[in-house]
Each structure stands twice: as structure tokens, then as C-alpha cells.
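Colleague: To start, I am sharing the structure in question, which I have written as C-alpha cells.
Any read-out appearing in this document is the output of simple, stated calculations on the displayed coordinates, not a laboratory observation. Keep in mind that this is a model prediction, so the values were computed, not measured. Positions of Cβ are generated from backbone atoms using ideal geometry, with glycine treated the same way; all protein chains shown enter the neighbour counts.
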Amino acid sequence: VTRFRRFLDAVDERTGYRGLLALALDEPIPGGARWAYVFGSALVGVLAIQIVTGLCLMAVYSPSAAAAWGSVWWIENRVTLGWLVRGMHHHAASAMVVVLAAHLLQVAIYGAYKKPREANWLLGIGLLSVTMGLALTGYLLPWDQKGFWATQVATSIAGTVPVIGRSLERLLVGGAEYGTPTLTRFYALHVGVLPASLVLLLVAHVYLFRRHGVTPPASADVSKVGRFHPDQLLRDLAAVFVCLAFAVGMAVRGHGAPLDAPADPSSDYAARPDWYFLFLFQLLKYFDGPLEVVGTVVLPGLAMAWLTLLPWIDRAEGRAIRGRLVPVGSIAVGTLAVVVLTVLAVRDDGGDARLQERFARANALAARANVLASRGIPPEGAQELLARDPQTRGPELFAEHCEACHGLGGWRRPEAKKASDLAGFGSAAWVKALVRDPNAERFFGHTKLRGMEPFAPEDLPDGDLDAVAAHVAGEDSARGRAVFQEKCIGCHLWNGQGRDLGLADGPELRGWASRDWIRGQLLDAAHPSRYGVENEMPRFGDRMDAGELEVLVEFVRTLRSPQE
Amino acid sequence: VTADDRRSFLGRVVLWGTGAFGALLAMPVAGYLTDPLRRSSVASGLTPVARLDALAQGVATRVSVRGAVRDAWTRAPARLIGAAWLLRTGNDVQAWSAVCPHLGCAVDHADGGFACPCHDSVFGADGRRRSGPSPRDMDALDVEIQGGAVLLRYVRYRKGIAGREAIG
């Protein structure tokens, strides 16, 4: 111990660190230490958590439209304790907003902004704005549905500002549309511009605070003087631990922070901001049409201006609450408004069954994206995970392109043209039903392909039918081949051979319902080897790109097995 | 208990508390930042790099190698992953990684063999170290010939050490 002390003595001799420490710690606190003073220090503690976890996230995060989601997924699911680091960063951000509000309320209620502390109040308002900016820029970075759509709303609001709106929006977005430049700009703001501003403002804020000292409540006995260290610092430290425990606890509870499905501009995602901006979101609901700008810009702007000018609005002599009805009352009304609007926003959404259904669908997509991502993300980006997933994208493509004519399992759009019902398409059972009754409504009854002769059990016994149906569905057998040669080859092709009777142009059936066959059908159903002149099915090569066509092919392949 | 005693006790609590805060924060950070130590790379399989009949006898030929890559979260089916020198003798092909075993520069062809342009390691036509700082011979790679195609198993080895140790 004495050796350590001697070492410290030597360091102090060369640096004077003890003087600096004494300067920092021995600050007198008139009226004594108080729990009410902990919020400022707690914010510094949370800021430390944010800087440390934020730098960690930076070491893995990749700000590009193709890579951002994947890198966040990697942090959340693969990097050692990545979920904890990201979860702490996410939830400490919430803690920061809460503690910041508490700090602001404490200062306002104590009247601590009054002369000579007006400048420090302004710095505080600056810190509030920067923190809100950090929150806003932060949740775009994962490039997931929530961040993408919620930030769209924010930048669109910026676009409605009179006169400068157009340019403002473009500058924020980094171009005409959302993309990598949006991410890189938000990233630069989030990890560079805003934290640097925050630290500079904070240094000035603390300097001015030390210059003026604490502002005890009017009722305090200022003849009693406490010290910052250890009386106040111990309380401050306790508050910091509460924040840390909250961040860690929430991160453990949710195993990290939420990550929605990758951003998809073509989806119908229902955008909601993070909870601390919900009151602004709710406010917007009460202003429509030309009045909208009142909800988006005017009211929040006026509230911010009022808050900023509070030291000059509050002309009361003392700091006692009784003489300060207007400033304290306005703060109370403002706080109440924020709380009520937030509660209303949550309640509106909770009572909206359709919306809850959309949230549930979004969560299911997020879960599916998570499964797909664990097999690796294509270089084109995480958006392709779901876009190339037959299970996810297939039904959408089918609805978009096929349901105008085809049915599925007895269900059909009321206005649909009546082409075949594709439930079971590709299975032997489908073939069997068709052979018995090809002109039924579920097959070709309402198409120009109508006219294939039905095969009754007298012409084609069940055993033969089973064999030939299995043969067409891809299960080769001598009997199936023989029956096909006897009964089908007269009208159909098999590997380019057949139609011997010349009575009809039945389609090629070798490889029927295989990937190649379905692709061929989608690209050119009027090909002579398919439905020829009687074809009514459009060419789909012109209606979707090759990648999507493959997704649709894969989806049609799944129809052969019974669907739930 | 005097006021000074109380002050010194609370001061110690503050000191330890601050230390605990730092330690609690440092623990996940340490795990997080050392993650690469616990991660391994996926060995690449045999990839075609040339046609046998396109390789001239006895002349070293440089080929680039494409392979499937797992780059953290990205899975790329075919990316350029490195280069190799091929030498055909009869119907046999020998291959060496173009990565210099010294410090990883790209080894070039030179009179009667290979040389690294960075620190002047010189290797013979058989890949053996002749002079310069390289601690070992050039790294030979597995080659198979299937149906006239030259297939290569590309491996990266640790640099700067005498032994040959694959980076896994």
C-alpha cells in the first residue's frame, strides 16, 4: 500500500492530478446533497454506456442498404454478447429520454433557469434537441421495416415545412429516394456530428453549472453546505446504477433489441415511431388537410419555442412555485399532454384489430427473415431474403399474377376467369381427377382447352389410371408407360413424340409440372408443344423479372402437396 | 464515528462503485470485441481454375481462384478468393498459393522461379525457398484433374512462421 501511495505521490508531483480531482470533487453544495440533483449525473452515466456500446456496434455495423440489416442481425444473433451490447444501447437510449425529461422537469420546477442561469438552460435545450436527433437517426440504422417506415414519416414531415421543405427533405434523405446515401448520412449524424455536438454542449453545460452551482429549492436551509464528494456523488452513482440495471435488465428480458424484417419499400407495413415519439404521432391525427402543418410543425415548434424562452417568460421574483403559476402550469400541462397523447396512441393501436393483424404479420415476416438469414444473406442484400423466399413471396406473386384466372382449393376470386384450380397441381391425384372429368369447372370446363375426352372407368380401369397418373406425375413404371402409349399418346406429346391421331394438340407431358415444365408454361403457354392456338394464358416473362419467375415456379411446385 | 471517518468510508464506496460500473460495462465489451477469436472460416472445396490442355508445359501460369465465401453475415456463391501459380509437367499439375509465406504479398513470376516484390524473397521453379526473408517454401496447394479440368483446393496459411498452418 505504501508503495502504491508513493507511486501516486510521484504521479501527482508530475501531473498535479490530485488538485484537479479536488477541484472536480470538492464542490460545495449549498443546502446539502439531494436526490433531486441526480438526473444530470445520471445522464452522464447513461452517455458513457451509449458511447461504449455504440463504439462496439460501430466495430461490426455496416452502413449500406445491402449490408446494414445483415450486420445488425449478425450482432444480434452471432457476435458474442452482441445481443447484450445492442440491447443495452437500445434500452439505455430509452432511459436517456426518461432521465432527460426528469432533469428538465426538476430544473423547471425548481426555477433553476432563472438569472444568472439562462444560458445554461439554453445549452440544456440544445442537449435535448441533440438527444432527440440521436434517437431519431439511431433507429433508421438497422434498415429494418420499423426504422425504414418510421423515418419515412419523419423526413416526409420535414418535407412539408413551408418554403424550405423540398430541399430540407432531400438533404436529409441524401437524394430523391431512400437508399445507401440516406444511411450513410444518418450514420454520420448518429456516430459523428451529434455525439460530438453532445459532448461539446455537455462540457459547456457542466462548466456553467459549476460556475453557478446548484439551485436549491426556495425552502432549503442554505446555511448548511454539503459536498459533491461523497454526499452527492453517492446518490448520483446510485442513479447511474439504476439506469445500467434497467438497460441490462431490458436487454436480458428481450434477449437484445427488436429487429424487424429487412426494409421493403413495396410492403404495406404500418409505421409507428419509437415510444418517445408516439405523442407527436398521435398529435398528427387531429390535424387534416391544410391544417396538417399545425400538427407536424407549428404546435411542436411553438412548444419548443415556449420551453426555450421559459427563463424570460417566468418574471416572478423568487423561485417558490406559488408565485410561478404560468411557467410551472405550462410545464405541467405540457407534460400531461405528452403523457395523454402517448397513452391514447397506445390505446388506439391496441383497439384496432386490423392493425394488430398487420403487426402480427410483420412479426411473422421478421421471424421468417431471421430463419432465412441464419443460412447466409445474399450479396445483393437482406431484402432478397424474403423476396426470393417461395414461402413468403410465392403467395403474393400468385395473388398478383395467377388469381385473375386460376382458383386454389375451391376458392376463386368472384371476377376471375375460370382457368383450372391449381390446388394439388403436379400430383397424381390431380391428374386422376382431370382424366375422369377434364371438362369440370375445376379443370378446363370454361376454357378453350375444353374438349379432352373424359375417360370413364370402363375405358380406363382404376388400376391403369393410377399407373398412368403416377407416370405423368413423374413416377416411371412399365405399366404407366404402357397405358400412356395406349391411351394418351394419340393426342399428347411425350418427349416431342406423339399426337399420332392428329385429333388434338394435347400438351407435352414429359416432365409435367417439373420446374422446367412450369417455367416453360409461364414463359410461353402458346408454344406448339403446349396449348398452341387454343392457349389463353398470358406470357409472364414480360410481367416479372427472371428471379421472381423462379420464385413463382417454386411456389407452384409446392401446390402438389396438400395445403393447410 | 467522526465526520471524517464517514466521509472516507463513503469515498471508498464511491470509488468501488465507479470501478464496478466500469467493470460491468467492460465485461460484455470484452466478450464482444474478442468475438473473432472464437470464429472459424469455412474451408473451400475444389474449384475449377483452368483447362489442362490450355496450360503450356513447364511454364508457370497464374490463375485466379473463385470460391464460395462466408463473409460474416454474407454468403456469396462465387467470389474471387485468391490466386495460384500452376506448373504443368506432362499431365501432372503442381500448384502454389500466390501468397508469400513471409508477410502475405503477392508472389510474382521471376527468372527460373518466383519472387516476392515486397521483401525480395526468391523461390525456385519448384517453389523452394532460395533466398530472402521468407521462413519457408511457397505453399503448395492440392490439385486434381477431372475430365480435362484442373481443380484446385485453395487454402490460406499463416504467414511469417516456419511451419505450414492453415488459417481456419
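Colleague: Which whole-number percent is the relative contact order of chain A (Cα, under 8 Å, 6+ apart)?
Modeller: It comes to 15 percent, rounded to a whole number.
Colleague: Can you give the local net charge around A:LEU310? Use residues other than it whose beta-carbon is closer than 15 angstrom to its beta-carbon, Lys and Arg +1, Asp and Glu -1.
Modeller: That sum, taken over residues with Cβ under 15 Å, equals +4.
Colleague: If one takes the longest principal axis of the Cα atoms in chain A, at what angle in degrees, from 0 to 90 and to the nearest 10, does the Cα axis of helix A:68-77 lie?
Modeller: 80
Colleague: Now, a different point. What are the principal axis extents of the Cα atoms in the range A:183-285, in Å, biggest first?
Modeller: 67, 32, 31
Colleague: Nearest 500 deg cm²/dmol is fine: what mean residue ellipticity at 222 nm does the protein assembly as shown get from its DSSP H runs of n ≥ 4 alone, each adding -39,500 (n - 2.57), divided by its residue count?
Modeller: It lands at -15000 deg cm²/dmol.
Colleague: Determine the shielding of peptide B:66-79 by partner chains: average, over its residues, the number of Cβ atoms on other chains within 10 angstrom of each Cβ.
Modeller: Other-chain Cβ atoms within 10 Å of each residue's Cβ, averaged: 5.
Colleague: Moving on to the next point. To make sure I understand, if each residue's beta carbon is the centre and we count other beta carbons within 10 Å, what order do A:PHE443, A:PHE241 fall in, fewest to most?
Modeller: Neighbour counts put them in this order, fewest first: A:PHE241, A:PHE443.
Colleague: Moving to a separate point now. First check a/c for the protein assembly as shown, with a ≥ b ≥ c the square roots of the eigenvalues of its C-alpha gyration tensor; if it is under 1.5, answer rounded, and if not, answer prolate when a/b is larger than b/c or oblate otherwise.
Modeller: oblate
Colleague: For the range A:420-430, take each phi angle, set θ = phi - 60°, evaluate the Karplus expression 6.51 cos²θ - 1.76 cosθ + 1.60, and give the result in whole Hz per residue in order, putting x for glycine and proline.
Modeller: After applying 6.51 cos²θ - 1.76 cosθ + 1.60, I find 4, 8, 8, 5, x, 4, x, 9, 5, 4, 4 Hz.
Colleague: Next question. If you look for lysine pairs in the range A:367-498 that are eight or more places apart or on different chains, how many of them have Cα atoms under 21 Å apart?
Modeller: Final tally of qualifying lysine pairs is 5.
Colleague: For A:LYS146, go through the lysines and keep the ones whose alpha-carbon is under 28 Å away, minus same-chain ones fewer than eight residues off.
Modeller: A:LYS285
Colleague: Mind listing the long-range amide H neighbours of A:ARG543? Cut-off is under 5 Å, sequence gap 5 or more, other chains count too, H placed in the peptide plane at 1.01 Å from N.
Modeller: Answer set, sorted by chain and number: none.
Colleague: Placing unit charges on C-beta atoms (Lys and Arg positive, Asp and Glu negative, everything else neutral), compute the dipole magnitude of the range A:1-137 about its Cα centre in debye, rounded to 20.
Modeller: So the magnitude is around 140 debye.
Colleague: Got a sec? How would A:ARG322, A:ARG361, A:ARG166 order by Cβ neighbour count within 10 Å, fewest to most?
Modeller: A:ARG322, A:ARG166, A:ARG361
Colleague: Looking only at Cβ-Cβ distances, which cysteines of the protein assembly as shown have no other cysteine closer than 4.7 Å?
Modeller: Result for the protein assembly as shown is A:CYS56, A:CYS243, A:CYS402, A:CYS405, A:CYS488, A:CYS491, no neighbouring Cys Cβ within the cutoff.
Colleague: Still on this model: If a/c stays under 1.5 just call it rounded; otherwise compare a/b with b/c (prolate if a/b is bigger, oblate if not). Do that for the range A:480-538, with a ≥ b ≥ c from the square roots of the Cα gyration tensor eigenvalues.
Modeller: Judged from the Cα gyration tensor, the range A:480-538 comes out oblate (a/c at least 1.5, b/c at or above a/b).
Colleague: First obtain the Kirkwood hydrodynamic radius of the range A:405-450 from its Cα pairs, then insert it into the Stokes-Einstein equation at 25 °C and 0.890 mPa s, and state the resulting D in µm² per second as a whole number.
Modeller: Taking Rh from Cα pairs, D becomes 233 µm²/s.
Colleague: If I take every Cα pair under 8 Å that is 6 or more residues apart in the range A:422-564, average their sequence separation and divide by the length, what percent do I get for the relative contact order?
Modeller: 24
Colleague: Let me ask something else about it. Please report the net charge: other residues with Cβ closer than 11 Å to the Cβ of A:ARG499, K and R +1, D and E -1.
Modeller: -3
Colleague: Taking θ = phi - 60°, what integer Hz values does the Karplus form 6.51 cos²θ - 1.76 cosθ + 1.60 yield along the range A:378-394, in sequence order, with x for Gly and Pro?
Modeller: x, x, 5, x, 5, 4, 6, 3, 7, 5, 9, 8, x, 5, 8, 7, x
Colleague: Find the Cα radius of gyration of the range A:1-43, compare it with 2.2 N^0.38 Å by division, and give the number to two decimals.
Modeller: The value comes to 1.68.
Colleague: Which order do B:GLU165, A:GLU534 fall in if you start with the one that has the fewest other Cβ atoms within 10 Å?
Modeller: B:GLU165, A:GLU534
Colleague: Taking the Cα centre of the range B:1-113 as origin, sum charge times position over the Cβ atoms of Lys and Arg (+1) and Asp and Glu (-1), and report the length of that vector in debye to the nearest 20.
Modeller: 400
Colleague: Just name one of B:GLY113, B:ILE167, B:VAL150: the one whose Cα is farthest towards the positive end of the charge dipole of the range B:82-168 (beta-carbon charges, Lys/Arg +1, Asp/Glu -1).
Modeller: Farthest along the dipole direction, towards plus: B:ILE167.
Colleague: If you don't mind, another one. Amide H to amide H, which residues 5 or more places from A:GLY409 or on other chains are under 5 Å from it, using H placed in the peptide plane?
Modeller: A:LEU422, A:ALA423
Colleague: Residue by residue, what Karplus-based ³J(HN,Hα) values in Hz, rounded to whole numbers, does the range A:480-491 have, using 6.51, -1.76 and 1.60 with θ = phi - 60° and x for Gly and Pro?
Modeller: Along the range A:480-491, the couplings run x, 4, 5, 4, 4, 4, 7, 9, 10, 5, x, 10 Hz.
Colleague: Quick one: putting +1 on the C-beta of Lys and Arg, -1 on the C-beta of Asp and Glu, what dipole do you get for the protein assembly as shown around its Cα centre, in Debye to the nearest 20?
Modeller: 3080
Colleague: Right, something else. With contacts defined as alpha carbon pairs under 8 Å and 6 or more residues apart, what's the relative contact order of the range A:482-564 in percent?
Modeller: 20
Colleague: Measuring from the lowest to the highest alpha carbon on each principal axis, how far does the range B:1-60 reach, largest first, in angstroms?
Modeller: Cα extents, longest axis first: 95, 20, 9 Å.
Colleague: When averaged across all projection directions, what area in nm² does the alpha-carbon convex hull of chain B cover?
Modeller: Reported value for the Cα convex hull: 15.0 nm².
Colleague: If you take the square roots of the eigenvalues of the alpha-carbon gyration tensor of the range A:467-508 and sort them as a ≥ b ≥ c, do you get rounded (a/c under 1.5), prolate (a/b over b/c) or oblate?
Modeller: Verdict is prolate for the range A:467-508.
Colleague: Around A:GLY124, what is the net charge, scoring Lys/Arg as +1 and Asp/Glu as -1 over all other residues with Cβ under 13 Å from its Cβ?
Modeller: 0
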